[in-house]
1. I'm checking my understanding of the structure. Among residues of region 261-284 that are surrounded by 22 or more Cβ atoms within 10 Å (Cβ to Cβ) and closer than 23 Å to residue 57 by Cβ, which one is farthest from the chain's Cα centre (by Cα)?
2. I need the full set of residues from region 1-36 which are modelled with pLDDT under 95 and surrounded by fewer than 17 Cβ atoms within 10 Å (Cβ to Cβ), in order please.
3. Could you list, in sequence order, all residues of region 211-220 that are within 22 Å of residue 149 (Cβ to Cβ) and either in a strand (DSSP E or B) or free of Cβ contacts under 8 Å to residues at least 24 places away in the same chain (or both)?
4. In region 237-272, which residues are more than 23 Å from residue 119 (Cβ to Cβ), assigned to a strand (DSSP E or B) and in contact with a helix residue (DSSP H, G or I) (Cβ under 9 Å, 6 or more places away or on another chain)?
5. If you take just the helices (runs of 4 or more DSSP H) that sit entirely in region 96-210, which of them hold at least 3 residues that are out of contact with any helix residue (DSSP H, G or I) (no Cβ under 8 Å at 6 or more places or on another chain)?
6. Can you find, within region 287-317, the residue that is nearest to the chain's Cα centre (by Cα) among those that are part of a loop (DSSP other than H, G, I, E, B) and in contact (Cβ under 8 Å) with a residue 60 or more places away in the chain?
7. Just the residues that are crowded, with 21+ Cβ neighbours inside 10 Å and either within 20 Å of the chain's Cα centre (by Cα) or in a loop (DSSP other than H, G, I, E, B) (or both), please, taken from region 222-236.
């Protein structure tokens, strides 16, 4: 694709301050107003000029359709399930994301969540703060992380990083992927149910989207069982959230550490009272270093696309 030398850069949703500042000062980017009459008027005036959109909030088919000259979508984040890829594909609109730079932090959080829910770190903190310990109550014993059998759903960049970290704990690793990975020695499970039935802890790191909707089903949770633990740092849509709430509430699942939910920022209230559940506000990549690196990669993708029509980290469509 040739360089894009004219047109308008559009910012969709909030971005890292570094990216927002650079978009405004270097590229003169316009910012999409919130939904409503103001947005409609904005698109009527500027929609025909937009050639590149930089988004931290996804893009639906309606918005994409309102931008007839759109040539590229630069997405902040490795996951791009909030971008309607089906609307991009027939028009040949390019898409980029921010892989690799957030791998370590998301993997760190997955392992941290596993340790927390296994050893009861957050629950223990609440126990002490409540005065229960000082009053003579005994905190219940928890499970040992070292040597646990861990299953990873999605052995991509992040899944491999999680596995590498857990090997240091002496954990045995198995996984399920759409395809078997040839260059690892980990045991392969032919289905999520088969994986869940063979492990103590089940870590979800597979991408979101229609292809993985409710992949972690009630059947998977039942196979994991009352002594099993679920960690989800992927997307809330990958897990059947209603089935998860039921399993945790009934004790048919041992516990969970959740960084993502089906309708964020809404979290099922039934989970608030459960001490075997760790709840986090989607912070997998939320470190100073990683968010800055993500912003820089967004800017590199934008600079490259405007210069020669290619992307640094293109998503195959």
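The values are calculated or read from the model by the stated rules, or taken from the named source; none is laboratory data. Everything quoted here is computed from the prediction, not taken from an experiment. Don't worry about glycine lacking a Cβ; one is built from the backbone with ideal geometry, like all the others, and counts go over all protein chains shown.
1. Looking only at region 261-284, we keep the residues that are surrounded by 22 or more Cβ atoms within 10 Å (Cβ to Cβ), and these are 261, 277-278, 284.
Within this subset, residues satisfying the condition of being closer than 23 Å to residue 57 by Cβ are 261, 284.
Values: 261: 10, 284: 7 Å.
Per the criteria, the residue is 261.
2. 1, 2, 3, 5, 6, 7, 34, 35, 36 - these are the residues of region 1-36 that are modelled with pLDDT under 95 and surrounded by fewer than 17 Cβ atoms within 10 Å (Cβ to Cβ).
3. First, the residues of region 211-220 that are within 22 Å of residue 149 (Cβ to Cβ): 215-220.
Correct list: 216 only.
4. Residue satisfying the conditions is 263 alone.
5. On the way: elements: 103-119, 121-129, 157-167, 192-197.
Here the list reads 103-119, 121-129, 157-167.
6. From region 287-317, those part of a loop (DSSP other than H, G, I, E, B) are 287, 309-313, 315-317; that's our starting set.
From the residues that got through so far, the ones that are in contact (Cβ under 8 Å) with a residue 60 or more places away in the chain too are 287, 309-313, 315, 317.
Details: 287: 14, 309: 28, 310: 25, 311: 22, 312: 21, 313: 17, 315: 16, 317: 19 Å.
So, considering only residues that are part of a loop (DSSP other than H, G, I, E, B) and in contact (Cβ under 8 Å) with a residue 60 or more places away in the chain, the one nearest to the chain's Cα centre (by Cα) is 287.
7. Step one: of region 222-236, the residues crowded, with 21+ Cβ neighbours inside 10 Å are 224, 228-235.
Residues satisfying the conditions are 228, 229, 230, 231, 232, 233, 234, 235.
Residue by residue, here is whether (1) closer than 25 Å to residue 308 by Cα; (2) in contact (Cβ under 8 Å) with a residue 40 or more places away in the chain; (3) touching a strand residue (DSSP E or B) at 6+ places or on another chain (Cβ under 7 Å) holds:
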site	(1), (2), (3)
11	yes, yes, yes
22	yes, yes, no
29	yes, no, yes
41	no, no, no
45	no, no, no
62	no, no, no
